[in-house]
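Colleague: I am attaching a structure below and will ask some questions about it afterwards.
The values are calculated or read from the model by the stated rules, or taken from the named source; none is laboratory data. Everything numeric in this text was worked out from a predicted model, so none of it was measured. Backbone-built Cβ (ideal geometry, glycine too); neighbour counts: all protein chains shown. Keep in mind that these areas ignore ligands, DNA and RNA; they rest on the heavy atoms of the full protein, side chains included. Shrake-Rupley method; radii C 1.70, N 1.55, O 1.52, S 1.80 Å.
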Amino acid sequence: MNLRPTAPSTGGRASLRRPVPVLLVLFGVPLALAAAAVAVVLAWAPELPDPLAIHWSGDGPDGFSSLGGFIALIAATLAGIALLLGAIGVAAIRAGQSMRALRALAALQLATAGFLAVGMTASVAIQRGLADAGDADGA
């Protein structure tokens, strides 16, 4: 099976005639990052305060959530980004956009999903071992 994007004779435009690896990046990578972030947070669950701090202001934590709520937030945010930018990618392919445009969209997807997954996981990491999430220094 050839996983390379096709380049029809219409000036290098993308096509859905064959699987396009960029779609794997648009959909698969953010979903994999979401799964990894959720797995890490679940592994840390015994060391985390209840509730977790999920938002900080200049004075420290000012928003809190249960562990389950935060996991749902991670999953919903990263899955939503994957679906949104993935749908834009499919629409771009159907509209005949260039592979350069699709690669740029894939790069945006990787950067956004990576930033969110790392940031959300880091905001939990700083709370490991705390009895009260209000004592968290900041994210």
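Colleague: Where residues in the range 112-138 are of a type in the set (Val, Ile, Thr) and more than 10 Å from the chain's Cα centre (by Cα), which of them is least open to solvent (accessible area, probe 1.4 Å)?
Modeller: Residue satisfying both the conditions and the ranking: VAL124.
Colleague: Let me ask something additional. Search the range 96-111 for residues being open to solvent by 40 Å² or more (accessible area, probe 1.4 Å) and assigned to a helix (DSSP H, G or I), and hand back the single one that is nearest to PHE27 (Cα to Cα).
Modeller: Per the criteria, the residue is LEU110.
Colleague: So which residues in the range 20-36 are in a helix (DSSP H, G or I) and crowded, with 16+ Cβ neighbours inside 10 Å, if there are any at all?
Modeller: Those that are in a helix (DSSP H, G or I) and crowded, with 16+ Cβ neighbours inside 10 Å: VAL22, LEU23, VAL25, LEU26, PHE27, VAL29, PRO30, LEU31, LEU33, ALA34.
Colleague: Follow-up. Taking only the range 120-137 into account, find how many residues are touching a strand residue (DSSP E or B) at 6+ places or on another chain (Cβ under 9 Å), in a helix (DSSP H, G or I) and of a type outside the set (A, V, I, L, M).
Modeller: 3
Colleague: Shifting gears a bit: I'd like to verify a number: residues in the range 37-61 that are open to solvent by 50 Å² or more (accessible area, probe 1.4 Å) and either of a type in the set (A, V, I, L, M) or within 16 Å of GLY134 (Cα to Cα) (or both), how many?
Modeller: 12
Colleague: Going by the structure shown, is ARG103 touching a residue at least 12 places away in the same chain (Cβ under 8 Å) and over 21 Å from the mean Cα position of the chain (by Cα)?
Modeller: no
Colleague: Which of the residues spanning the range 62-74 are open to solvent by 40 Å² or more (accessible area, probe 1.4 Å) and assigned to a helix (DSSP H, G or I)?
Modeller: Of everything in the range 62-74, those that are open to solvent by 40 Å² or more (accessible area, probe 1.4 Å) and assigned to a helix (DSSP H, G or I) turn out to be LEU67, GLY68, ALA72, LEU73.
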